[in-house]
Amino acid sequence: MGFKQWFDGENDMLLENLHMNRAFEDHIKKEPSVQELKIEDTILMREVYDDSNKALKAFNWIYRVIAVLFCIGLALVLVYTVSNLPEVGNPDTPANSSVVSKRYIENGLEETGATNIVAGMILTYRAFDTFGETNVLFISTCCVMILLMIDEKILHKYKNIGEGKYEPKDDSILQVVAKILVPVIFIFGIYIVLNGQLSPGGGFSGGAILGAGMILYANAFGFQNTQRFFDEKVYKTAKITALCMYGLIGSYFYIMGANGIDNHIPLGTPGAILSGGIILPIDIAVGLEVACTMYAFYALFRRGGL
Amino acid sequence: MEMWTNIRIGLGLLVLIIGILFFLLEIIGIIKYKFLLNRMHAAGMGDTMGICLSLFGLMIINGLDFTTAKLFMVILFLWFASPTASHLISRLEAATDEELGRHVRIDIEKEELEK
Amino acid sequence: MMQVMDSILTVILIILALLTLVCMIKAVIGPRVGDRIVCVNMMGTMVMTIIAILAIKMKEGYLVDICIIYAMISFLAVVVLCKVYMGVYAARRERIRSKQRKEDVEASANESAESTMSVDGKQGDESKNGTMECSEKEAK
């Protein structure tokens, strides 16, 4: 009897009064606003799931059946495709047999100095494409700022409007945990950015981690405390500096290379942190850019200002 | 030396299997209970203990390496983050559930709950 | 011993994949919002365990970096979702409460106006009837 009650969740040996099925309704009287909410919800549900409309019921049933079949079919197709992939290192796969990839694989290490061939390829051989991607990040935040940004003085006056007034602020457990975890996240983000040329990582993923750390800080402590070290001026400076640094280093690299002059950027020993030529400074620039983008999207959509 | 390696691998596999058992109990708890606060309790405890024991077992299998240090860092991060997630979800439930009086016996004042 | 370890790890991977599927079904069914947040967190944790087991099995050390990233992202998702949903719910309740307060104030104002009119008495009624008869004649 005792074990079955414990297994059903009705009784606990350590706390004696954990009875689940008694109703204590006289403790809490129902407020009229709560009842109004429930009435609104039931009216909405009755309109959406109208029981007298036969066509709607048939459509709902068909939709659910087709959805489940589609998901199962997609899963089977993907499993079949993965089991038919060629083995890693097989010399006659399509990726290995074109001239371009042969050059990358055979001469990649000595020409770029990076043990991670993918990072070496996208940041040395095809650095111009990556510059275009970084530009796209810059332009997208400019567009979002045009559409959503409100001037800071007006935002101060209307601080208590909308849903921001009712959100819970200053949760003390979350603040203590954020104080411990946010430095860990920042250090890990910097580790991923600096290790672009040695192991999977690089500027884009490291920047996303740094942005996530900033978002956690802003959630735990509020926007006022975050603006002490990251407001609009810092954001603009960081973004424009990062993009211009990428542009300058990249153009020096191309102009020297196109005219046949030797650019005196040392390649270093592969496997050390200070190696890979232009990969390390470009990684830092891209990481800074992506972190600012992530935080700016979050702040602009939530609040209308940085 | 062969024997010590085998014993170490066997011990690591044992701890890993206990961790997976915690995950199974968590899934049973989620399906079985009727109220959300019970399910959240099962999920929070099963999550934390399950992954920490599983990663500890993998650390024992691997021996001393850089990968082991990274796994230890994951365990430390999850030790702090997973219970905080449970706290936030229970706070959400207490603020939005209208029929809280029927599920849980509350011994505090009504005004303090509705803040 | 290594073959035994490999086969046991494969069986554990299959079990974890099935548990993730059950979690997803519960996330679709679950009647409340908190159910879905809990199940998404759980799916992230189980995927983390799968990645760690794969990292040990294939002896590639860099896959553990992905585990830390998954932990951070799922924790951040729970924090932001709880905050936003609490704000939305409280705003809805406040809107309904203020609407009801306005209706209460109007109802009490109407009651006080009716009581003053009944004190005036028949004069008010007669003047009202007179004006209404005139307007009906004009309409005809």
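Does the range A:228-238 include one or more residues that are surrounded by 12 or more Cβ atoms within 10 Å (Cβ to Cβ), modelled with pLDDT of 90 or more and not in a helix (DSSP H, G or I)?
Yes, the range A:228-238 contains a residue that is surrounded by 12 or more Cβ atoms within 10 Å (Cβ to Cβ), modelled with pLDDT of 90 or more and not in a helix (DSSP H, G or I).
To keep it simple, each residue is scored yes or no on (1) within 13 Å of chain A (Cβ to nearest Cβ); (2) crowded, with 18+ Cβ neighbours inside 10 Å; (3) at pLDDT 90 or above; (4) more than 13 Å from the chain's Cα centre (by Cα).
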| site | (1), (2), (3), (4) |
| --- | --- |
| B:7 | no, no, yes, yes |
| B:20 | no, yes, yes, no |
| B:25 | yes, no, yes, no |
| B:81 | yes, yes, yes, no |
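Confirm whether residue C:82 is more than 9 Å from chain A (Cβ to nearest Cβ), buried (at least 20 other Cβ atoms within 10 Å of the Cβ) and of a type outside the set (A, V, I, L, M).
Answer is no for this residue.
Residue by residue, here is whether (1) within 16 Å of residue C:61 (Cα to Cα); (2) more than 7 Å from chain C (Cβ to nearest Cβ) holds:
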site	(1), (2)
B:36	no, no
B:42	no, yes
B:58	yes, no
B:69	yes, yes
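Looking only at residues that are within 14 Å of chain C (Cβ to nearest Cβ), in a loop (DSSP other than H, G, I, E, B) and modelled with pLDDT of 80 or more in the range A:105-162, which one is farthest from residue A:235 (Cα to Cα)?
Step by step, filter the range A:105-162, then rank; the result is A:115.
Within the range A:182-210, which residues are in a helix (DSSP H, G or I) and either charged (D, E, K, R) or surrounded by fewer than 22 Cβ atoms within 10 Å (Cβ to Cβ) (or both)? Let's see the steps before the verdict.
Taking the range A:182-210 as the starting set, the residues that turn out to be in a helix (DSSP H, G or I) are A:182-194, A:203-210.
A:182, A:183, A:184, A:186, A:187, A:188, A:190, A:191, A:194, A:204, A:205, A:208, listed by residue number.
Can you pull out every residue in the range A:249-270 that is among the hydrophobic types (A, V, I, L, M, F, W, C), surrounded by 11 or more Cβ atoms within 10 Å (Cβ to Cβ) and in a helix (DSSP H, G or I)?
A:249, A:253, A:255, A:256
With respect to residue B:54, determine if the residue is in contact (Cβ under 8 Å) with a residue 24 or more places away in the chain and within 14 Å of chain A (Cβ to nearest Cβ).
Numbers: in contact (Cβ under 8 Å) with a residue 24 or more places away in the chain: yes; within 14 Å of chain A (Cβ to nearest Cβ): no.
Here the answer is no, as residue B:54 does not meet what is asked.
What number of residues within the range A:253-306 satisfy the criterion of being under 27 Å from residue A:153 (Cα atoms) and of a type in the set (Phe, Trp, Tyr)?
Residues in the range A:253-306 being under 27 Å from residue A:153 (Cα atoms) and of a type in the set (Phe, Trp, Tyr): 4 in total.
Select from the range C:24-43 the residues that are more than 7 Å from chain B (Cβ to nearest Cβ) and either buried (at least 19 other Cβ atoms within 10 Å of the Cβ) or without any contact (Cβ under 8 Å) to a residue 24 or more places away in the chain (or both) and list them in ascending order.
Once the filter is applied, which keeps residues that are more than 7 Å from chain B (Cβ to nearest Cβ) and either buried (at least 19 other Cβ atoms within 10 Å of the Cβ) or without any contact (Cβ under 8 Å) to a residue 24 or more places away in the chain (or both), the range C:24-43 yields C:24, C:25, C:27, C:28, C:29, C:30, C:31, C:36, C:39, C:43.
The values are calculated or read from the model by the stated rules, or taken from the named source; none is laboratory data. On a predicted model such as this, the values are computed, not experimentally measured, just so you know. Positions of Cβ are generated from backbone atoms using ideal geometry, with glycine treated the same way; all protein chains shown enter the neighbour counts.
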